[in-house]
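Single-structure report; data block below.
The values are calculated or read from the model by the stated rules, or taken from the named source; none is laboratory data. From a predicted model like this one, the values you see are computed outputs, not experimental measurements. Methodologically, a virtual Cβ is constructed for each residue, glycine included, from the backbone with ideal geometry; neighbour enumeration extends over all protein chains shown. The protein model used for the area step is the full one, side chains on, heavy atoms only, and it has no ligands, DNA or RNA in it. Shrake-Rupley method; radii C 1.70, N 1.55, O 1.52, S 1.80 Å.
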Amino acid sequence: MIPELFDYLKKARKLGLRASINSNGLLFNEDNLKFLKDYDIYLYISIDGATKEAYEKIRGLGNYKLLLSKLKLLEKYNLKFSILFTLSSINFSEAQKMVSFAQKNGAETLCLIPVIPSGQAKKTGIWIDSSLVIKGMEKVAEEAEKLNYKIYALDCPFLKIFPLSNYLIIEACPSFEMIDISPAGDILICDVLDVPLAEIRTKSLKEALNDLNNHPFYQKLKERTKVCSGCPEIDFCRAGCYARSYLCLGDISKPDPFCPRASNFR
Ligand code: SF4
């Protein structure tokens with residue numbers, strides 16, 4: 001963890017902002033959890049498997065027991081948290097089991113996100129294709145329904161075209177409502193494609209947002225929804241994940257390559 005993290009969190013809370021952190025949880029201890037509780041910081045904990053075998057394939061030998069001990073510690077501080085599960089070829093078969101794991105361990109919700117084919121995930125080929133993502137989400141939705149447990153599907157807005165469960169909440173891409181600011185002070189196109197479109201090193205946030213809105217690339221993204229005109233989900237889905245369009249098709253203005261319906265528009 002960067003040492004400034006605690007200062008950033010304190011400042012954010014003093015400004016009245018909501019604050020959350022993402023962590024694998026393995027470095028939690030009495031001190032930092034007390035701090036997080038005192039400042040009312042929400043936690044997203046990345047857990048890549050419900051079983052020891054699957055979890056340790058990704059997080060390293062011996063760490064499953066450590067994780068369970070950290071989850072117990074969270075309980076002691078009564079900290080609210082959600083689990084983030086990144087769906088890949090390594091842990092695909094664990095997705096369904098994660099539902100009861102999350103519920104049993106006191107997570108408010110389980111958030112699922114498929115690995116984006118970028119960086120190491122692209123090189124090692126651990127990302128899974130659209131048919132497996134859909135199959136995985138169907139199984140998870142069944143389990144969520146059975147256990148009455150709320151699950152969020154991130155970065156798959158196209159799943160709206162399927163009749164899944166009311167317990168599986170499909171999230172839209174937050175890119176037009178939120179901004180990603182890099183440690184260098186750049187406003188990025190998104191947290192996957194770290195292309196800078198504006199900056200707050202020399203500009204105020206207001207000026208930077210103005211630059212962002214007028215950037216030709218940003219305009220192009222707003223226009224992109226037109227490629228799916230005719231789809232009833234267009235207002236929600238907005239042609240799906242543009243990072244995936246760029247990484248898989250080499251063209252950011254194409255619709256999400258993972259959406260089976262979008263092949264009609266490609
Ligand atoms: S066709 Fe386009 S807008 Fe409709 S669900 Fe697929 S990607 Fe989204």
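When residues in the stretch 110-154 are screened for being in a loop (DSSP other than H, G, I, E, B), more than 16 Å from the ligand (Cβ to nearest atom) and open to solvent by 10 Å² or more (accessible area, probe 1.4 Å), 8 of them pass. In the set 14, 80, 57, 37, only one residue is more than 18 Å from the chain's Cα centre (by Cα), among the charged types (D, E, K, R) and closer than 26 Å to residue 141 by Cα; that residue is 57. Within the stretch 228-253, the residues that satisfy the criterion of being within 10 Å of the ligand (Cβ to nearest atom) and surrounded by fewer than 21 Cβ atoms within 10 Å (Cβ to Cβ) are 229, 230, 232, 233, 234, 235, 236.
Got at least one residue in the stretch 214-224 being within 16 Å of the ligand (Cβ to nearest atom), in contact with a helix residue (DSSP H, G or I) (Cβ under 7 Å, 6 or more places away or on another chain) and not assigned by TED's automatic domain parsing to the domain that holds residue 81? There is at least one residue in the stretch 214-224 that is within 16 Å of the ligand (Cβ to nearest atom), in contact with a helix residue (DSSP H, G or I) (Cβ under 7 Å, 6 or more places away or on another chain) and not assigned by TED's automatic domain parsing to the domain that holds residue 81.
If only residues of the stretch 155-180 that are hydrophobic (A, V, I, L, M, F, W, C) and more than 15 Å from the ligand (Cβ to nearest atom) are counted, the one that is nearest to residue 232 (Cα to Cα) is 169. Only one of the numbered conditions (1) within 16 Å of the ligand (Cβ to nearest atom); (2) free of Cβ contacts under 8 Å to residues at least 24 places away in the same chain is violated by residue 197, and that is (1).
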